[in-house]
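The values are calculated or read from the model by the stated rules, or taken from the named source; none is laboratory data. Quantities reported herein were computed from a predicted structural model and do not represent experimental measurements. Methodologically, a virtual Cβ is constructed for each residue, glycine included, from the backbone with ideal geometry; neighbour enumeration extends over all protein chains shown. Surface accessibility is based on the protein's heavy atoms, side chains included, excluding ligands, DNA and RNA. Shrake-Rupley method; radii C 1.70, N 1.55, O 1.52, S 1.80 Å.
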Amino acid sequence: QVQLVESGGGLVQPGGSLRLSCAASGSIFSIYAMGWYRQAPGKQRELVATITPGHNTNYADSVKGRFTISRDNAKNTVYLRMNSLKPEDTAVYYCNAEVEVRVGVSPSDYWGQGTQVTVSF
C-alpha cells in the first residue's frame, strides 16, 4: 500500500501565495514522476505540474512563471509553491506519484485525497 498525504491548502486573497506539500509513504521501492493536478467545480481534472527524479519539470501554460514544483527524493515529498494566485486557480489540488512498490513490478499511479485551494477576497 502506498499513501499520499497532501497539506497546505486554504483560502488566500488574489495575488497571494500558498505552498502545498505531499508526502508519500508505505511500500515504496522507487518513485518516478511526481506531480500536481487540479479540478475546479464542473471541470475535468487537469495537469498543473510534474517533476522527474532528476528534477526536470513541466508546467501547464496557465501556471508558468507563477508556480514552482520541487521534490525531496530522500523524503519522498513533492511541493508546489504557488505565487500570484488568481481566482481561476481555485480548485481541489491532487498529488500524484508513479511508484514502483518492489523490483520487477511495473510502476503504478497513486493519488492523494486532494486539498482545497480557494482564491477569493
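Under the condition of being in a strand (DSSP E or B) and open to solvent by less than 40 Å² (accessible area, probe 1.4 Å), the residues counted in segment 64-78 number 5. Just one of the listed residues (Asp109, Asp61) is assigned to a strand (DSSP E or B), open to solvent by 70 Å² or more (accessible area, probe 1.4 Å) and out of contact with any Phe, Trp or Tyr (no Cβ under 7 Å at 6 or more places or on another chain), and it is Asp109.
Taking segment 1-31 as the search range and keeping residues that are among the hydroxyl-bearing types (Ser, Thr, Tyr) and within 17 Å of Ala49 (Cα to Cα), which one is surrounded by the fewest Cβ atoms within 10 Å (Cβ to Cβ)? So that I can check it myself, show each step before the final result.
Our first condition is that a residue be among the hydroxyl-bearing types (Ser, Thr, Tyr); within segment 1-31, this holds for 7, 17, 21, 25, 27, 30.
If we keep only those that are within 17 Å of Ala49 (Cα to Cα) as well, we get 7, 17, 21.
Numbers: Ser7: 13, Ser17: 11, Ser21: 17.
So, considering only residues that are among the hydroxyl-bearing types (Ser, Thr, Tyr) and within 17 Å of Ala49 (Cα to Cα), the one surrounded by the fewest Cβ atoms within 10 Å (Cβ to Cβ) is Ser17.
Within segment 23-35, is even one residue farther than 18 Å from Ser108 by Cβ, in a loop (DSSP other than H, G, I, E, B) and in contact with a strand residue (DSSP E or B) (Cβ under 8 Å, 6 or more places away or on another chain)? Looking through segment 23-35, none of the residues is farther than 18 Å from Ser108 by Cβ, in a loop (DSSP other than H, G, I, E, B) and in contact with a strand residue (DSSP E or B) (Cβ under 8 Å, 6 or more places away or on another chain). Looking at the structure I just gave you, is Val117 part of a strand (DSSP E or B), over 18 Å from Gln1 (Cα atoms) and touching a helix residue (DSSP H, G or I) at 6+ places or on another chain (Cβ under 7 Å)? The answer is yes for Val117. For segment 1-22, residues that are assigned to a strand (DSSP E or B) and more than 11 Å from the chain's Cα centre (by Cα) total 6.
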